[in-house]
1. Return the percentage of antiparallel bridges among DSSP beta bridges fully within segment B:89-169, rounded to the nearest 5 %.
2. Going by the alpha-carbon gyration tensor, a ≥ b ≥ c the square roots of its eigenvalues, is segment A:325-418 rounded (a/c under 1.5) or, if a/c is not under 1.5, prolate (a/b greater than b/c) versus oblate?
3. With r as the distance between the Cβ atoms of residue B:188 and residue A:368 and R0 = 45 Å, compute the FRET efficiency 1/(1 + (r/R0)^6) and round to 0.05.
4. Once you have the Cα-Cα distance between residue A:9 and residue A:37, take 0.36 nm times their residue separation minus that, and quote the gain in nm to one decimal.
5. To make sure I understand, if each residue's beta carbon is the centre and we count other beta carbons within 10 Å, what order do A:101, A:294 fall in, fewest to most?
6. As a footprinting exposure proxy, order A:156, B:130 by other Cβ within 10 Å, with the fewest listed first.
7. Using only Cα atoms and rounding to the nearest 10 degrees, what angle (0 to 90) does helix A:40-50 make with the longest principal axis of chain A?
8. Starting from the coordinates of the alpha-carbon atoms of segment A:105-160, obtain the Kirkwood hydrodynamic radius over all distinct pairs and give the value in Å to one decimal.
């Protein structure tokens, strides 16, 4: 089994929330080394060479994202995105609660690397427990002289501000997050300008995922080559995969990218007794389904993209042969309809109508023509919105309708028969 | 006195308690970003009062120096902000994919039956508010829920019964929310404010999603089609603001050279 312990090392064994425990294990040593021995440009170069790609969903190369910041003498900001809400994803939740110091060290290294002195962490409103844990960790780090002014006597100062969200999936989108951080409605902004040019308060800003930043201390400790050597060349490194659905041992498992979906299934305990896996959603709620014939694909950014889906946030939901895919589609469509911010008409109206259509299919009012309409409406919503939320329904819905069309047809007939005449 | 015997709320005392926290929050953001403290300040008010009262919104607007309408608009965007009083226990079981695959449907039905209320409603005794929530990022321990934003994992019907009983007995491990006003049947602000834009007067419900069979969309199109006053002849708000008059200015001949 290729399970590894890099970011997840020590979780469940030691109280990593305690600063002393974290430091005994080498914690903050890489931050100290970065600030005292390295120039920011060296760090950007190191991370670029490691091939690290963003762990939040888009998979954009982290080093390149950092290099987009203009040299215009303006203040710069680092924003850590901990608004994890992609259906099926629960890795940042774990990192925040179990290893808050690792997250903080990653934020500090990233902030120094982009030449900033002010970092923000946007924590999902529902993570009240994680928020308290992180605040405690931040207070410990501040008291120990790891956050604040003139760190390690180098003259470098850094401030970290913790910002709580208040219940909005869309705030995981980076420009919506910046609006929310500025005290506005969490509505995505038109891009360009990208945050690297005009982000928080109109200044150059980098938004990085929790796991991306938490990986930085390990890349510093072991070197870019160590990270780049793991897994496929263009999609290297270790990744925490959140596995849930119809498996015996759902959980977060850290593996090298390129591990196959079959191996990941086995790592999560395999299918339930007497059941077979018929489908899996490999990259969170916004990704298209793969099916049993795809189990031997390697789990990495490029292989997933080449097969019409995505690695996304690294969340795999496995479905076995008992699954009612109409209900599964309804749960996800309802989610996207609920979470649409309402700015763009295709997303706001399309999501609503898909939800209404799925509701009537499940409640006895469905028509055979509804099946084509589900595919058509979800397709018409796609590509016409400011942000990817409106594009997120089609992949899953279209892929399961195509594959399990008989289930949708029989559901329409069965619920029609069972419906109470009005 | 409120129904449960606690003293009537004194907003001045609430504001005095929140103010030092609010000023500290504002100081954590760059000087240009005082408005950033809005969400944290609203969280703080909700921690103290259990909901966001109109007075709290108005006070927050003063502190971060934005209009009250903007604060209301912002607060209304976020589902964790309650603009009406809620129950002592906010019950939020997840209804998203991984929980659905692991039996959330039965758990939700069980909650509805045991509480006698549905999605976005509060029990008559003001003890429970119920909302079916979206993915809570705890799919490995599905079905899961939050009670006053604290996680409860691996739900079963028996576990639901036990935790509801513990809340009724006052022995549940998560503290109840403060409650400075008696909650109504729902904390949702009515979608229809009763106010109508000129084009929507006489329309049944302008918030109705519209479409076939819904009168509002049809009525509005009828009105536009038969309106004797052409739309393009109306001064827009933008023009009113720009030139300060209600008259339509003639397009300037040197329009392009201004830019």
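Every number in this text was worked out from the coordinates using simple rules, so none of it is lab data. In this text, all values refer to a predicted model and were calculated from it rather than measured experimentally. Heads up, the Cβs are rebuilt from the backbone with ideal geometry, glycines too, and the neighbour counts pull from every protein chain shown.
1. So the antiparallel bridges in segment B:89-169 amount to around 65 percent.
2. prolate
3. 0.80
4. 7.5 nm
5. A:294, A:101
6. Placing the least packed residue first, the sequence is A:156, B:130.
7. Its long axis makes an angle of about 40 degrees.
8. Taking every pair of different Cα atoms in segment A:105-160, averaging 1/r and inverting gives 12.0 Å.
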